[in-house]
Amino acid sequence: MLQQGIEEKKDSEAKGLIDLGKQLNVLPEFFLYREMLTFYEELIAYHGDKKEMHLKKCELILESFEWGGMPTFGKEMTKFFNKYKEK
């Protein structure tokens, strides 16, 4: 849903979902979800203020997928990031 919100340029709606998701306790089984929330939050923040630090955080998260043994997922997310980071 967050990805779709960004694709449709509905950043404020996506931000609302992120805020709800951040209420989850950070447990190992929820780590990927929390990481994805941070990714989308930083991407939306970049759309708002164009500060490079947001892109850097997104890139670190994308790298973590490779380190964590999820290279295919990371490649798909990188494609999404490259397509929508400037939208």
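The values are calculated or read from the model by the stated rules, or taken from the named source; none is laboratory data. Just so it is clear, the model here is predicted, and its values are computed rather than measured. Every residue, glycine as well, gets a Cβ built from its backbone with ideal geometry; the counts of neighbours run over all protein chains shown. For accessibility, only protein heavy atoms count, side chains too; no ligands or nucleic acids. Shrake-Rupley method; radii C 1.70, N 1.55, O 1.52, S 1.80 Å.
Ile6 fulfils the conditions (1) modelled with pLDDT under 95; (2) out of contact with any helix residue (DSSP H, G or I) (no Cβ under 6 Å at 6 or more places or on another chain) except for a single criterion, (2). When segment 1-51 is examined, which residues are found to be touching a residue at least 24 places away in the same chain (Cβ under 8 Å), of a type outside the set (Ser, Thr, Tyr) and touching a His at 6+ places or on another chain (Cβ under 6 Å)? The one that is touching a residue at least 24 places away in the same chain (Cβ under 8 Å), of a type outside the set (Ser, Thr, Tyr) and touching a His at 6+ places or on another chain (Cβ under 6 Å): Asp11. Do you know which residues across segment 19-69 are assigned to a helix (DSSP H, G or I), among the basic types (Lys, Arg) and open to solvent by less than 100 Å² (accessible area, probe 1.4 Å)? Scanning segment 19-69 gives Arg34, Lys57.
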